[in-house]
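Accompanying notes for the structure given below.
The values are calculated or read from the model by the stated rules, or taken from the named source; none is laboratory data. Note that this is a predicted model, so its numbers are computed, not measured. Note that we place each Cβ from the backbone using ideal geometry, even for glycine, and neighbour counts take in every protein chain shown. Just the protein is used for accessible areas: all its heavy atoms, side chains included, with ligands, DNA and RNA removed. Shrake-Rupley method; radii C 1.70, N 1.55, O 1.52, S 1.80 Å.
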Amino acid sequence: MTKEYQPISCDFHDLLEVHATRRAATDIQYRDADGSIQTRNAVITDVFAKEGADYLTLSTGETLRLDQLIEVDKAKLADY
């Protein structure tokens, strides 16, 4: 994604950390670089910061910028 990173709420970030610690598969919905909604069922393997943005990695090998997220395990980012 080329748009400027929009930080997510600390509470939602904490939720992602909990999922990463549990190492259990979870449903993740996000917008890809084209703006299309994608859905994965995967384990969040890491949550990290790099070059002024926050990311997570999935057991599928994908890396997502946190502001791409729509929903994680039925928790909607917009609600946080």
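Considering only protein heavy atoms, what per residue accessible area in square angstrom results for the chain with a 1.4 angstrom probe? Write down the numbers at each step before the final one.
Details: 4870 Å² over 80 residues.
Per-residue value: 61 Å².
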Completion exercise
Diffing the stretch 68-77: the Karplus 3J(HN,Hα) column from phi (6.51, -1.76, 1.60, θ = phi - 60°), in whole Hz with x for Gly and Pro, holds 7, 5, 10, 8, 10, 6, 6, 8, 8, 3
Handout entry: Added length on full extension, which subtracts the Cα-Cα distance from 0.36 nm per residue, residue 46 to residue 25
Key = 6.3 nm
Practice task
Quote the accessible area belonging to residue 48 in square angstrom, nearest 10, computed with a 1.4 Å probe and with ligands, DNA and RNA left uncounted.
Solution key: 60
Practice task
Could you work out the relative contact order of the chain, using alpha carbon pairs under 8 angstrom and six or more residues apart, expressed as a whole percent?
Solution key: 31
Exercise for the section: Would you kindly find the accessible area of residue 40, with a 1.4 Å probe and non-protein molecules such as ligands, DNA and RNA excluded, rounding to the nearest 10 Å²? Expected result: 60
Practice task
Take every Cα-Cα distance within the stretch 1-66, group them into 10 Å bins from 0 onward, and report for each bin the whole-number percent of pairs it holds.
Solution key: 20, 57, 23, 0
Handout entry: Length gained when the stretch residue 80-residue 6 is fully extended (0.36 nm per residue, less Cα-Cα span)
Key = 25.3 nm
Exercise for the section: Quickly work out the residue 63-to-residue 18 label distance, labels modelled 7 Å from Cα along the C-beta direction, and quote it in nm with one decimal. Expected result: 2.7
Practice task
Can you spot the lysines whose alpha carbon is less than 19 Å from residue 3's alpha carbon? Ignore those fewer than 8 places along the same chain.
Solution key: 50
